[in-house]
Amino acid sequence: MRSAILVAVGCLMLNALAGEPLVLAKGGQTEFCVVVSDDATEAEKYAAQELAAYLGKLSGAAFAIEGPAAAGDKPAIRLKFDSDLGGEEYQLKAGSKGLTIAGGRPRGVLYGVYALLEDELGCRWFTRDCERVEKKDPLTVPGDLKVRVKPRLEYREPYWTEAFDGDWAARNRVNSNNARLADKHGGKIVYGPFVHTFNSILNPDKDFAQHPEYFSMIKGARTNKNPQLCLTNPEVLEAAIKTVRGWIAQNPKANIFSVSQNDWHNPCECPNCKALDDAEGSHAGTLIKFVNAVAEAIEKDYPNVAIDTLAYQYTRKPPKTIKPRPNVIVRLCSIECCFSHPLDGCPEKTNTSFLEDLKGWNKLTKRLYIWDYVTNFSHYIMPFPNLGPLDKNIRTFADNGVVGIFQEGNYSAGGGGELSELRSWVLAKLLWDPSRDGSELIKEFIAGAYGPAAGNVQQFIDAECAAVAQSGEHVRIFDNFKRKYLAPEHLRDWDKTLEEAERLASDSGDAKLLARVQRLRLPIWYTQVSQATEPLDVQQAAAKHLIEVSDKLGVTHFHEWSNKAADVKKLEQLIARKADTPAPKEK
């Protein structure tokens, strides 16, 4: 006969034998409460509210929130700050009298709540308007539950408009600088400013006339046309330190400040800069020495502040000997790479050289971040077949010492980039746990977000991935629309598949589901119109759909650098064309 200690609690039975389920609610009733400490932070109080609300959705029971004194020895889920745990670290532990969720500050307890809801109870937050909360009766967790988790990456940012919602970001354990994360979410990683800051330190429009020596020397002459800074000039260093101190004073919540090159080339070639860069084998030599000096100047006054810079284009190669200081973050950028194949496994020189640089920087610093790219910036809503390598690339980063990842997608006001909702969620999951299987995450998202249309959506995505694999093409972030994997016959087949998905979504009567499916068709229509190879009537139908649906969904940009107004004008001209009228020539 099995020995067990059973404690009766109203209609519930709490089993103290390890391994037996801990019953939190049954038949819409519970005796449990959620206990939050008297000195709880705003985020810990919000965690209690979120926990009580979602336990209620899962069980139909009302979970009261109480302080320790009022709760006494009642069966409870207790939220506790634990100073031995890291700022985003948490521990879940079941016992004979309930469950404890302990965490560090500022976000550990909140993330512990979301871990319980997601990992143990099956909740999902796929998009801002699509969550999965399936009722369970009884509502249980394992009686021997004991989990302690610290995220592998300290900084996790899927930079998509769809990922900027604060509640969505917190629930998916994303700490993005650009997400609308408030104090109740435990805050976030805060940059101030974010990137390309040399012109904010010294501006050539204002400063060049009086001090040309502050700016790049190119071919023997100082220039004010898209210059960088002269990084060996001591007065430039003084200006940078003064500017950074001003930024810190203006942005007390920020913990990272960017001292980084402008978004063009033209590094300084003056004798001093050239000598240092030649000795270090990279323009990163002058950059890291300069950034180190800024970081050293502020570290005593601001021990919790880091100075961030870029390893980007001409500074991507690591220096031979100069190591970044501990309070310096280097963000290595993959802008030149192929994204249809894994970074580690693609024979293209862009990828093999990037891997060499990644490994080189890993030897120099423990604060290595990545700036990665996950869309086509010339054509935001054109198919960009990089889904297969997403998980492999993130694992490659993490396995090579990376501790922070920024994934740049379509960040325009209206969002709506190709597969933007799916990419946002899958990236959030991979950034939290790089060991996850990307294909399984994609399947889970499709099933959860597209419901009755999921089969067709999966068929479309599988076909798109197969097309690029069959083509063998390398895909980059500024490609045009004349690619084998975008053959007109592929586009026609994909559109038929998604047309059926749209019919199924429409039949469901769920307007939000219909909008999600319609968003998937925008890339097909956009590419058909851009290629201009289909018969005129097909192009005109695609143009009409593209205008109508993008307007309905609030899409504002088809490209990174301009809104869609000029595109709409061209689409309207196409729609108005007669069959015997030649298409206007592209300028």
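The values are calculated or read from the model by the stated rules, or taken from the named source; none is laboratory data. Keep in mind it's a predicted model, so treat the numbers as computed, not measured. Glycine also receives a Cβ, built like all others from the backbone with ideal geometry; neighbour counts cover every protein chain displayed.
Identify, by number, the condition in (1) in contact with a strand residue (DSSP E or B) (Cβ under 8 Å, 6 or more places away or on another chain); (2) closer than 20 Å to N327 by Cα that C268 doesn't meet.
Answer for C268: the failing condition is (2).
Is the range 32-48 home to any residue that is farther than 30 Å from V403 by Cβ and modelled with pLDDT under 95?
no
List the number of the failed condition for L390; all other conditions in (1) surrounded by 23 or more Cβ atoms within 10 Å (Cβ to Cβ); (2) touching a residue at least 40 places away in the same chain (Cβ under 8 Å) hold.
The one condition L390 does not meet is (1).
Working only within the range 393-407, note down all residues that are without any contact (Cβ under 8 Å) to a residue 40 or more places away in the chain and among the β-branched types (V, I, T).
Within the range 393-407, no residue meets the criteria.
Filter the range 265-292 for residues that are within 14 Å of C230 (Cβ to Cβ) and of a type in the set (A, V, I, L, M); which is surrounded by the most Cβ atoms within 10 Å (Cβ to Cβ)?
Looking at residues that are within 14 Å of C230 (Cβ to Cβ) and of a type in the set (A, V, I, L, M), I get L287.
Quick one: count up the residues across the range 242-293 that are touching a helix residue (DSSP H, G or I) at 6+ places or on another chain (Cβ under 6 Å) and free of Cβ contacts under 8 Å to residues at least 12 places away in the same chain.
Here the count works out to 1.
Is it the case that N410 is free of Cβ contacts under 8 Å to residues at least 60 places away in the same chain, closer than 23 Å to V174 by Cα and of a type in the set (S, T, N, Q)? Break it down stepwise before answering.
Numbers: free of Cβ contacts under 8 Å to residues at least 60 places away in the same chain: no; closer than 23 Å to V174 by Cα: yes; of a type in the set (S, T, N, Q): yes.
Judged against the criteria, N410 is not a match.
Have a look at A61, A94 and point out the one that is assigned by TED's automatic domain parsing to the domain that holds T41, assigned to a loop (DSSP other than H, G, I, E, B), touching a residue at least 60 places away in the same chain (Cβ under 8 Å) and surrounded by 16 or more Cβ atoms within 10 Å (Cβ to Cβ).
Working: A94 fails: assigned to a loop (DSSP other than H, G, I, E, B).
Of A61, A94, the one residue that is assigned by TED's automatic domain parsing to the domain that holds T41, assigned to a loop (DSSP other than H, G, I, E, B), touching a residue at least 60 places away in the same chain (Cβ under 8 Å) and surrounded by 16 or more Cβ atoms within 10 Å (Cβ to Cβ) is A61.
Restricting the range 413-460 to residues that are touching a residue at least 60 places away in the same chain (Cβ under 8 Å), of a type outside the set (D, E) and not in a helix (DSSP H, G or I), which is surrounded by the fewest Cβ atoms within 10 Å (Cβ to Cβ)?
Going through the qualifying residues, I end up with A413.
For the subset of the range 461-490 comprising residues that are over 28 Å from the mean Cα position of the chain (by Cα) and surrounded by 17 or more Cβ atoms within 10 Å (Cβ to Cβ), which member is nearest to T127 (Cα to Cα)?
Applying the first criterion (over 28 Å from the mean Cα position of the chain (by Cα)) to the range 461-490 yields 470-471, 482, 484, 487-490.
Then keep just the ones that are surrounded by 17 or more Cβ atoms within 10 Å (Cβ to Cβ); that gives 471, 490.
Working: S471: 32, H490: 28 Å.
Checked the range 461-490; the qualifying residue nearest to T127 (Cα to Cα) is H490.
Just checking, does the range 374-383 include any residue being of a type outside the set (F, W, Y), surrounded by fewer than 23 Cβ atoms within 10 Å (Cβ to Cβ) and under 23 Å from Q458 (Cα atoms)?
Our first condition is that a residue be of a type outside the set (F, W, Y); within the range 374-383, this holds for 374-376, 378-379, 381-383.
Filter again for surrounded by fewer than 23 Cβ atoms within 10 Å (Cβ to Cβ), leaving 378.
Going one step further and asking which of them are under 23 Å from Q458 (Cα atoms), we end up with none.
Taking every residue of the range 374-383 in turn, none turns out to be of a type outside the set (F, W, Y), surrounded by fewer than 23 Cβ atoms within 10 Å (Cβ to Cβ) and under 23 Å from Q458 (Cα atoms).
Would you please list the contacts, defined by Cβ atoms under 6 Å and residues six or more apart or on different chains, that run from a residue in the range 480-498 that is without any contact (Cβ under 8 Å) to a residue 60 or more places away in the chain to a residue that is charged (D, E, K, R) and part of a helix (DSSP H, G or I)?
These pairs meet every condition: L498/R521.
Tell me yes or no: at least one residue of the range 207-222 is out of contact with any helix residue (DSSP H, G or I) (no Cβ under 6 Å at 6 or more places or on another chain), of a type in the set (F, W, Y) and not in a loop (DSSP other than H, G, I, E, B).
No - not one qualifying residue is present in the range 207-222.
Which one is nearest to Y159 (Cα to Cα) among residues in the range 343-383 that are β-branched (V, I, T) and part of a helix (DSSP H, G or I)?
Of the range 343-383, the ones β-branched (V, I, T) are 350, 352, 365, 370, 374-375, 381.
Applying the additional criterion that residues be part of a helix (DSSP H, G or I) yields 350, 352.
Working: T350: 23, T352: 25 Å.
Looking at residues that are β-branched (V, I, T) and part of a helix (DSSP H, G or I), I get T350.
Restricting to the range 73-82, name every residue that is closer than 22 Å to G143 by Cβ and either modelled with pLDDT under 95 or of a type outside the set (A, V, I, L, M) (or both).
Residues satisfying the conditions are D73, K74, P75, R78, K80, D82.
Being farther than 24 Å from T100 by Cα, in contact (Cβ under 8 Å) with a residue 40 or more places away in the chain and either in the same structural domain as Y114 (by TED's automatic domain parsing) or of a type in the set (S, T, N, Q) (or both) is true for just one of N178, N172. Which residue is that?
Working: N172 fails: farther than 24 Å from T100 by Cα.
After applying the criteria, what remains is N178.
For the list (1) among the acidic types (D, E); (2) surrounded by 17 or more Cβ atoms within 10 Å (Cβ to Cβ); (3) over 26 Å from the mean Cα position of the chain (by Cα), I need the number of the one condition that E88 fails.
(3)
Could you check how many residues of the range 543-566 are of a type outside the set (S, T, Y) and under 18 Å from R516 (Cα atoms)? Steps first, answer last, please.
Narrowing the range 543-566 to residues of a type outside the set (S, T, Y): 543-549, 551-555, 557-561, 563-566.
Pick out the ones that are also under 18 Å from R516 (Cα atoms) and you get 545-549, 551-555, 557-558.
Adding up the residues that qualify gives 12.
Per-residue answers, yes or no, for (1) surrounded by fewer than 21 Cβ atoms within 10 Å (Cβ to Cβ); (2) of a type in the set (A, V, I, L, M); (3) outside the structural domain of L92 (by TED's automatic domain parsing):
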| residue | (1), (2), (3) |
| --- | --- |
| P21 | yes, no, no |
| L24 | no, yes, no |
| Q29 | yes, no, no |
| F32 | no, no, no |
| A40 | yes, yes, no |
| E44 | no, no, no |
| Q49 | yes, no, no |
| L55 | no, yes, no |
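Filter the range 97-134 down to residues that are among the hydroxyl-bearing types (S, T, Y) and farther than 16 Å from N175 by Cα and give me whichever is surrounded by the most Cβ atoms within 10 Å (Cβ to Cβ).
Quick first cut of the range 97-134, residues among the hydroxyl-bearing types (S, T, Y) only: 100, 111, 114, 127.
If we keep only those that are farther than 16 Å from N175 by Cα too, we end up with 100, 127.
On the way: T100: 19, T127: 21.
It comes out as T127.
Could you list, in sequence order, the residues of the range 430-453 that are of a type outside the set (A, V, I, L, M, F, W, C) and within 10 Å of I394 (Cβ to Cβ)? Steps first, please.
Of all residues in the range 430-453, those of a type outside the set (A, V, I, L, M, F, W, C) come to 433-440, 443-444, 448, 450-452.
Residues satisfying the conditions are D433, P434, S435, R436, G438.
For the range 190-206, which positions are assigned to a helix (DSSP H, G or I) and either β-branched (V, I, T) or within 28 Å of the chain's Cα centre (by Cα) (or both)? Working first, answer last.
Filtering the range 190-206 for residues assigned to a helix (DSSP H, G or I) gives 198-201, 204-206.
Correct list: F198, N199, S200, I201.
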